[in-house]
1. Set the bar at 20 Å for Cα to Cα. Now go through Lys37/Lys70; Lys37/Lys71; Lys37/Lys61; Lys71/Lys121; Lys70/Lys98 and name every pair that lies beyond it.
2. Let me check I've understood the local charge: for Cys64, count other residues with C-beta under 11 angstrom from its C-beta, Lys and Arg +1, Asp and Glu -1. What total comes out?
3. Order 67-78, 96-107, 32-43 from most to least packed using the mean count of other Cβ atoms within 10 Å.
Amino acid sequence: MKKLVLIAVIALVSFAANAQAKITFKSDTVDYGEIAKGSDGVRVFEFTNTGDAPLIVSDVKSSCGCTVPKKPEGPVAAGASGKIEVKYDTNRVGPIRKTVTVYSNADEPIKALKIKGEVMKEAGSVLEKTK
């Protein structure tokens, strides 16, 4: 009987040790396209935890102060979805090429996401590219 209990405990510990969170993004790039200066700069990266353990996003950092990311508040259960909000300062006219780095307990613990596009200056009702 003791051997049976020991085997069950070892099997359970082995299974738990192999449990792993996995973060799968719908897209790893958000394209703002051409947007007007001062327009809404909030976009969302949607993801699913396709692993078999809770996913914990410990930090999200951007490559500059013009981009402010927001991570999920708590763990994301296996099979559940979540989102990472990114707010770009659209008062900065010109091209957008920034990286948002996600740190988590997933099988790929560091994941780089990209935002791109161009903020245009508005002249009357027509958007113009700045030089």
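1. Numbers: Lys37/Lys70 22 Å; Lys37/Lys71 25 Å; Lys37/Lys61 24 Å; Lys71/Lys121 30 Å; Lys70/Lys98 15 Å.
Cα-Cα > 20 Å for Lys37/Lys70; Lys37/Lys71; Lys37/Lys61; Lys71/Lys121; rest within.
2. Value of the local net charge: +3.
3. 96-107, 67-78, 32-43
Readers should treat all values here as calculations from the given coordinates under stated rules, not as data from a laboratory. Not measured: the values here are computed from a predicted model. Neighbour counts run over all protein chains shown; Cβ positions are idealised from the backbone, glycine included.
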